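Enquirer: Before we start, here is the structure in question, set down as structure tokens.
The values are calculated or read from the model by the stated rules, or taken from the named source; none is laboratory data. Keep in mind it's a predicted model, so treat the numbers as computed, not measured. Cβ placement follows ideal geometry from the backbone for every residue including glycine, while neighbour counts extend to all protein chains displayed.
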Amino acid sequence: MPPPSATPAPATEEPSGAAPAAVPAEAVTPLIRGVAVLHRLTEAGGALSPSTLERATGLARSTIDRITATLARMGYVRLDGRDVVLAPRLMELGNAYLAALRLPALLAGRADALADALDESVSLAVADRDGIRFIHQATRRRAMSLSFRIGDLLPAERTAPGALFATEWTEAEWRRRRERRAADPQDRGFPAVPPRPPLAPDDFEERTARAARENCATDDQLIEPGLIALSVPVRGPGAGPAPRAGAGAVRGPEAGREPGAGQEPETGQEPETGREPGARQEPEAGQVPGARQVPGAGGIVCVASVVSHTSRHTAEHLRTTLLPRLRETVAAMERDLAAAPPPAPSEPPAGLATWTAASKQELGREFVESLARGLTVLTAFDADRPALTLAEVAKATGLPRATARRALITYEHLGLVAAGPDRPLHPHPPGAVPWASRPCPAPRSPGSPNRTWSTWPPACTSRPPSRS
């Protein structure tokens, strides 16, 4: 059995200018609001005052107070005087994706060894719609003003890994990227990178075509002057490009719905559902022609990059001198992926949410039980349980199936999980909805009851502030 790999789905929050998706009818509004608060705290470096959170999220102050009180009760934030501060326990949410992904655990040693051998920074990245996110970095100090963190989202066209991931894009993904570029030409929706210069050329399609031919890509100061990179894709076992979960995922309120499933009464006074008018739905499309087929290899599971500075190399010199070593390391990574055994089965921790009722009774209206219950769902996934049925999620968290299902539908809307069909060799009971951290195969017909779901990189964007 091959190890799990990832082809990420949408970001937690749409980049600036992207058309918002319709909120599913069964989405849990307090959970959406809670994730938004965590996202704003992360963007701000881990600490904000409640009044600043009120302005940043557009939520009422009373709602902010209830959300932060709930997060504090769960240990995800600290109320430090007048500020709300992210707490270390929040990493259990962010690490849910990384643990289930397994790529950092399997490949980080190779990346670190290459960084030591070359005295250059080495990173691993996965795709996230029309962007990339880092999942591992072995850094070296250089004269660069930028530093990226695990989980940072970068626009694909301003990176070397992005050109490689784009070789497997569908027409819908290319269209999404063009629409985003037209609406946000300066990349204001990507706070990790500086704004794009107004007259910067857009040669991304040409660079993608070259990456497809050569199975590697370079970044010649696309993000900032002096920063250069060389990237090679790491492919999983299989034949041909891996199917893209992000493009083929089932979207909207029908995702993961079981026949006959009813509405769940929620504790609390807040309305649980909402719908945004005017949302559009992208049609599915076939694969973009020209993606390189590598005999005996599957699709791109991540991209390994060597990052340097023009004070040490030109982009062409970096490619000429270091490409053989990078390819050698990537080949070793692919052998590691092919040989990796599946994770050993273990008993899930049952009853993670049993304390929520007591907390609600103690704190009353100040504790948002639907938010607390929803956040526990992400903790059900880890390296031992990258694929779970709805029943298994409910068992692992102690939640009713209807509660777990609504949380998963909410996370699918937010881009933290992705829905897809069942996979061969992973049978599920009729009507079961598998939730997984592996790439989904090509979608079945919309009426198919068996779909796979995946945890995605945005889960790792909520993290305590760095202390560098």
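Enquirer: Tell me, which strands (runs of 3 or more DSSP E) lie completely within region 65-139 with 1 or more residues that are touching a residue at least 24 places away in the same chain (Cβ under 8 Å) and not assigned by TED's automatic domain parsing to the domain that holds Leu153? Spell out the reasoning first.
Expert: On the way: elements: 77-80, 83-86, 121-128, 131-138.
It comes to 77-80, 83-86.
Enquirer: Identify all residues within region 31-51 that are in a helix (DSSP H, G or I) and farther than 21 Å from Val193 by Cβ; write none if there are none.
Expert: Of everything in region 31-51, those that are in a helix (DSSP H, G or I) and farther than 21 Å from Val193 by Cβ turn out to be Leu31, Ile32, Arg33, Gly34, Val35, Ala36, Val37, Leu38, Pro50, Ser51.
Enquirer: Something else: How about region 363-417: which of its residues are acidic (Asp, Glu), assigned to a helix (DSSP H, G or I) and surrounded by fewer than 23 Cβ atoms within 10 Å (Cβ to Cβ)?
Expert: Glu366, Glu369, Glu392
Enquirer: A further question follows. Is it the case, given these coordinates, that Ala72 is touching a Leu at 6+ places or on another chain (Cβ under 6 Å) and aliphatic (A, V, I, L, M)? Spell out the reasoning first.
Expert: Working: touching a Leu at 6+ places or on another chain (Cβ under 6 Å): yes; aliphatic (A, V, I, L, M): yes.
The answer is yes for Ala72.
Enquirer: I've got another one for you. List pairs: first residue in region 323-340 and small (Gly, Ala, Ser), second residue assigned to a helix (DSSP H, G or I) anywhere in the structure, Cβ distance under 7 angstrom, at least six positions apart or on different chains.
Expert: Ala332/Arg110; Ala340/Leu106
Enquirer: Which residue, of Leu164, Leu154, is within 17 Å of the chain's Cα centre (by Cα) and either modelled with pLDDT of 90 or more or not assigned by TED's automatic domain parsing to the domain that holds Pro225 (or both)? Even if it seems obvious, please write down each step before you answer.
Expert: Numbers: Leu164 fails: within 17 Å of the chain's Cα centre (by Cα).
Just a single option satisfies the conditions, and that option is Leu154.
Enquirer: So, of the residues in region 160-175 that are out of contact with any strand residue (DSSP E or B) (no Cβ under 6 Å at 6 or more places or on another chain) and of a type in the set (A, V, I, L, M), which turns out to be nearest to Ile300 (Cα to Cα)?
Expert: Once the filter is applied, the top-ranked residue is Ala166.
Enquirer: Continuing with the same structure: Inside region 394-421, can you point out the residues that are touching a strand residue (DSSP E or B) at 6+ places or on another chain (Cβ under 6 Å) and at pLDDT below 85?
Expert: Residues satisfying the conditions are Val417, Ala418, Ala419, Gly420, Pro421.
Enquirer: Hey, another quick one. For region 70-91, which positions are crowded, with 19+ Cβ neighbours inside 10 Å and of a type in the set (A, V, I, L, M, F, W, C)?
Expert: Leu71, Met74, Val77, Val84, Leu86, Leu90
Enquirer: Ser311 fails exactly one of the following numbered conditions: (1) modelled with pLDDT under 95; (2) within 29 Å of Ala166 (Cβ to Cβ); (3) assigned by TED's automatic domain parsing to the domain that holds Ala117. What is the number of that condition?
Expert: With (1) modelled with pLDDT under 95; (2) within 29 Å of Ala166 (Cβ to Cβ); (3) assigned by TED's automatic domain parsing to the domain that holds Ala117 applied to Ser311, the lone miss is (2).
Enquirer: Kindly indicate whether Pro201 is surrounded by fewer than 21 Cβ atoms within 10 Å (Cβ to Cβ), over 21 Å from Val301 (Cβ atoms), in contact (Cβ under 8 Å) with a residue 12 or more places away in the chain and not hydrophobic (A, V, I, L, M, F, W, C).
Expert: Working: surrounded by fewer than 21 Cβ atoms within 10 Å (Cβ to Cβ): yes; over 21 Å from Val301 (Cβ atoms): yes; in contact (Cβ under 8 Å) with a residue 12 or more places away in the chain: no; not hydrophobic (A, V, I, L, M, F, W, C): yes.
Criteria not met by Pro201.
Enquirer: Still on this structure, please answer the following. Please enumerate the residues belonging to region 324-342 that are crowded, with 17+ Cβ neighbours inside 10 Å and either of a type in the set (Val, Ile, Thr) or out of contact with any helix residue (DSSP H, G or I) (no Cβ under 9 Å at 6 or more places or on another chain) (or both). Before the answer, list the steps.
Expert: Initially, region 324-342 is screened for residues crowded, with 17+ Cβ neighbours inside 10 Å, giving 326, 329-330, 333-334, 337, 340.
Within region 324-342, Thr329, Val330, Glu334 meet the criteria.
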